[in-house]
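J.: Below you'll find the structure I mean.
The values are calculated or read from the model by the stated rules, or taken from the named source; none is laboratory data. Bear in mind the structure is a predicted one, so any value in this text is a computation, not a measurement. Because the Cβ atoms are built from the backbone with ideal geometry, glycine has one as well, and the counts that use them run over all protein chains shown. All accessible areas refer to the heavy atoms of the entire protein, side chains included, with ligands and DNA or RNA removed. Shrake-Rupley method; radii C 1.70, N 1.55, O 1.52, S 1.80 Å.
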Amino acid sequence: MTVIRGATTIAEDTPEEIRAAVRELLEQIESRNSLKRDEVVSIVFSSTSDIHSFYPAKAAREAGFESCSLFSAQEPDIDGGLKLCIRAMLFVEKNETPHHVYLRGARVLRKDVAQKFNVAIDGPAGSGKSTIAKLLAHDYNILYLDTGAMYRACALAALRAGIDVSDEAQVCALMRGIALDIVYRDGVQHTLLDGEDVSESIRSPEVSMAASAVSKHVSVRMKMVEKQREIAGKMSCVLDGRDIGTFVLPDADFKFFLTASADVRAKRRADEMAAKGYRVDFEALKREIAARDEQDSTREIAPLKQADDAVLIDTSDMTIEEVLRTIKQKMQEKI
Ligand code: DC
C-alpha cells in the first residue's frame, strides 16, 4: 500500500470550482504516479472551513472514482492557514515511491515537492497594488515584498542627510555608506535603515516624492533590483512595484498591472493618509500623484510600464475583494 498526498486551492466556494479543482488534482495525481483507477483503494479529503458548497468526495465520484471508498471532512479554522484549500490522501495498491501533487495556492504547503512561484504586481501609486499584494501573499501563505519601501528608505536617508535627491553622484555616495535591510517579523515586512525600523516614517508625502526622484538613478535601481531578485530567487513571493514584470522578474510566473483613474487613486491615498493622522490637501495630493506618475513613467531606466504578458486590471470601480478574486481566477486559469 502507498499513500499519495495532494492539495489544491479554489478561488471561490462554488460547486463548479470544487468539481473542477478535485478533478484536476486527481487527474494530476494519477498521471504523475502512473496510476490505474482500480489501484485506488480509498480517498480521504479534507477541506478548510470556508468550503461549504459541495463535497469533494462527491466531486471525486463525479470525476469517475466510483469503485473506491471516498470520504470528506472539514478542517478546523486555523488562523493564518491557507484559505479555500482541499487536501486529499489517496491509498493505493502499489509499492512505489509516491509523487505528491500540490497545485495552485497549495503549492506553498510543500515547498519540497512544489515549485517556487513569484507574482509581479505593478502599477501607479494608489492603484491598489500593495493592498492586493498583501492579501494575496497572506492567502497563499507566501512572502510579500514591497519594493517601493526600498526606494522610500533610500529617499529618507537622502532627505535626512540633506542631499539633493536628483543628484545621482551624491545619492550613490550616500548609499554606499548606509545599510538597508528588509526583514520579516510574523510575516510582515519591516524596512531597516542602519538598523532603525523606518517602516512608518517612509510613508510621508515628502518621502513619496523623493523616492520617485531617487528611483530614477541607475545605480540606485541596480542595487535595489539585485536585492529584490535575491529575495524572489529564494522563495515564493508577491512583489509589487513599477518594474517587477518588465525588469526585476521578466520571467515571473504571474504578472498583473493594476490601474485606476487619477481621481480614484488620489482619493484612496487621501483616505490612507488621513487614517494615519496626516493632514491631507486633496488637490495637492492629486498633483503629487500626477507628478510621480509622470516621473515614474518617463524615466529612462525601467519606467512604469505594463509588461506585454501582464494582465491589466482597472480597479477604479472594483472593490478589494473583486480585484483579489479576479487575480486568483486569472492565476488559476494559467496554472
Ligand atoms: O509604490 P510606492 O508608492 O511605495 O513607491 C515609491 C516610489 O518608488 C515610486 O514613486 C517609484 C519608485 N519605485 C520604483 O521606481 N520601482 C519600484 N519597483 C517600486 C517603487
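J.: Can you list the strands (runs of 3 or more DSSP E) found entirely within segment 186-279 that contain at least 2 residues being under 25 Å from Ile163 (Cα atoms)?
T.: Qualifying strands (runs of 3 or more DSSP E): 188-193.
J.: Please count how many residues of segment 292-301 are in a helix (DSSP H, G or I) and either near the ligand (Cβ under 8 Å from one of its atoms) or touching a Ser or Thr at 6+ places or on another chain (Cβ under 8 Å) (or both).
T.: Filtering segment 292-301 down to residues in a helix (DSSP H, G or I) leaves 292-298.
Next, only the ones that are either near the ligand (Cβ under 8 Å from one of its atoms) or touching a Ser or Thr at 6+ places or on another chain (Cβ under 8 Å) (or both) stay: 292, 295-296.
Of the residues in that region, 3 qualify.
J.: Would you mind telling me which numbered condition in (1) of a type outside the set (D, E, K, R); (2) out of contact with any Asp or Glu (no Cβ under 6 Å at 6 or more places or on another chain); (3) within 12 Å of the ligand (Cβ to nearest atom) Tyr140 fails?
T.: Of everything listed in (1) of a type outside the set (D, E, K, R); (2) out of contact with any Asp or Glu (no Cβ under 6 Å at 6 or more places or on another chain); (3) within 12 Å of the ligand (Cβ to nearest atom), Tyr140 misses just condition (3).
J.: Please go through segment 203-213 and pick out each residue that is buried (at least 20 other Cβ atoms within 10 Å of the Cβ) and either among the basic types (Lys, Arg) or more than 8 Å from the ligand (Cβ to nearest atom) (or both).
T.: From segment 203-213, those buried (at least 20 other Cβ atoms within 10 Å of the Cβ) are 207-208, 210-213; that's our starting set.
Hits for segment 203-213 are Val207, Ala210, Ala213.
J.: Just give me the residues in segment 302-316 being open to solvent by 60 Å² or more (accessible area, probe 1.4 Å) and either in a strand (DSSP E or B) or in contact (Cβ under 8 Å) with a residue 40 or more places away in the chain (or both), in sequence order.
T.: Lys305, Gln306, Asp309, Leu312, Asp314
J.: Looking at the structure I just gave you, is Ala158 farther than 30 Å from Ile78 by Cα, open to solvent by less than 20 Å² (accessible area, probe 1.4 Å) and free of Cβ contacts under 8 Å to residues at least 60 places away in the same chain? Can you show your working first?
T.: On the way: farther than 30 Å from Ile78 by Cα: yes; open to solvent by less than 20 Å² (accessible area, probe 1.4 Å): yes; free of Cβ contacts under 8 Å to residues at least 60 places away in the same chain: yes.
For Ala158, the condition - farther than 30 Å from Ile78 by Cα, open to solvent by less than 20 Å² (accessible area, probe 1.4 Å) and free of Cβ contacts under 8 Å to residues at least 60 places away in the same chain - is met.
J.: Further question: Name the residues in segment 27-45 that are among the β-branched types (Val, Ile, Thr) and open to solvent by less than 20 Å² (accessible area, probe 1.4 Å), would you?
T.: Here is the first cut: in segment 27-45, the ones among the β-branched types (Val, Ile, Thr) are 29, 40-41, 43-44.
Correct list: Ile29, Val40, Ile43.
J.: Is segment 10-26 home to any residue that is open to solvent by 60 Å² or more (accessible area, probe 1.4 Å), among the basic types (Lys, Arg) and assigned to a loop (DSSP other than H, G, I, E, B)?
T.: no
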